[in-house]
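Only the coordinates and a few stated rules stand behind these numbers; no lab work does. None of these values were measured; they are calculated from a predicted model. For neighbour counting, all protein chains shown are included, and Cβ atoms are generated from backbone atoms with ideal geometry for every residue, glycine included.
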Amino acid sequence: MADEESKSRPIIVIRKKGGHGGHHGGAWKVAYADFVTAMMAFFLVMWLVNQSVAVREAVSGYFNDPAGFMEKLKKGGNEVMEGGSTNIKMFKYEKDDLKEKLQRQKEMLSNAGNNVRKALEKLPGIGNMQDFIEIEVTPEGLMIQLIDASKVDDSAVFFDKGSSKLKPMASLILAAIAAELGQLPSHMVVEGHTDAVAYRGKKEYSNWELSADRANSARRLMEESGLHENQVVAVRGFAANKPKIKDNPEDPQNRRVTIIVLNEEYEKHLRDISVES
C-alpha cells in the first residue's frame with residue numbers, strides 16, 4: 001500500500017537560480033562603451049581647441065574630404081601625419097606669416113606718417129608749428145603727438161590755456177592729419193595728457209576732465225574732416241599719469257594730444273584686455 005502511494009506521488013524538481021547571474025548580463029558593457037566613446041570625443045575636442053589654426057584646418061580638411069585630403073597628402077608629402085614635427089613646422093609658418101604681416105603694416109604706417117608730414121608742410125602759415133608735432137612708428141602703431149607747449153616757455157600752441165577749445169591753426173592741422181589717416185583701414189585711439197600742475201579753473205573740474213575733453217575735441221574735428229565711421233575706437237584722458245618728460249611731471253611739454261593708429265597686433269591686445277576686464 002505504501003509502495004503504491006509513493007509511486008503515485010508527483011516528483012517535483014526545484015532548480016535554484018544563481019544569485020549573481022544578473023550582474024553578468026551584457027547591458028552594462030554597452031553603457032560603458034558609450035561612456036568611453038564620449039570621453040574620447042571630449043578629449044579629442046579639447047586637443048583640437050588647443051592646436052594652431054593650421055592643425056585645425058588640416059583635421060577639418062580630412063573629415064570634410066578624406067579622399068581628396070589623402071590625395072593632396074600623397075602629392076605634398078606626409079608632414080601632416082608626422083605629429084609633433086608638423087606642429088613645429090606649422091607654428092614656424094604662422095610665426096613667419098605674422099612677422100611678414102607686421103612688417104607690411106609697419107611699412108604702411110610709415111608711409112602714412114610721411115604723407116602726414118608732406119600734407120602739413122603744404123599748410124599755409126604752418127611755420128614753426130611743425131616743431132610741436134612728433135610723428136613716429138612705435139610697437140603700438142603710428143603715433144602722432146601734438147605737444148601744446150615749447151621747450152622754452154609755457155605758451156599754449158594747440159589749445160587755449162586751461163581749455164579744450166582748439167585754436168584755429170590746430171584745427172587746420174588736425175583736419176590735414178584726418179584727411180591722410182582716413183585713407184587707412186586701421187583703427188585709432190586718441191589720448192589726452194596734461195602736466196602735473198593742478199587745474200585752477202572751475203570747481204569739480206580737474207586735469208582728468210581737461211585731458212579727456214581735449215582728446216574728444218581732437219576726435220570730433222578729425223571725424224568731421226576725413227576719418228571714416230568708427231575709425232576711432234577709444235578716447236582716453238590720462239591727466240598727468242603718462243608724462244612725456246618723466247623726470248619733470250610739471251614740464252609744460254607734458255601737455256599733449258596723442259593720436260595712435262593701431263597696428264593689428266596691438267589692437268588685438270587691447271581687445272583682449274577689454275574682454276578680461
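Of the cross-linked pairs 99/242; 161/242; 118/161, which ones have a Cα-Cα span greater than 22 Å in the structure shown? Walk me through the numbers on the way to the answer.
On the way: 99/242 29 Å; 161/242 20 Å; 118/161 29 Å.
Exceeds cut-off: 99/242; 118/161.
Ranking 28, 208 by Cβ neighbours within 10 Å, fewest first, what do you get?
28, 208
Given 10 °C and 1.306 mPa s, compute D for the range 102-276 with the Stokes-Einstein relation, Rh being the Kirkwood radius over Cα pairs; round to the nearest whole µm²/s.
97
For 217, 155, 110, which order do you get if you count the other beta carbons within 10 Å of each Cβ and list the fewest first? Mind dumping the intermediate values first?
Values: 217 22, 155 10, 110 14.
Taking fewest neighbouring Cβ atoms as first place, the list is 155, 110, 217.
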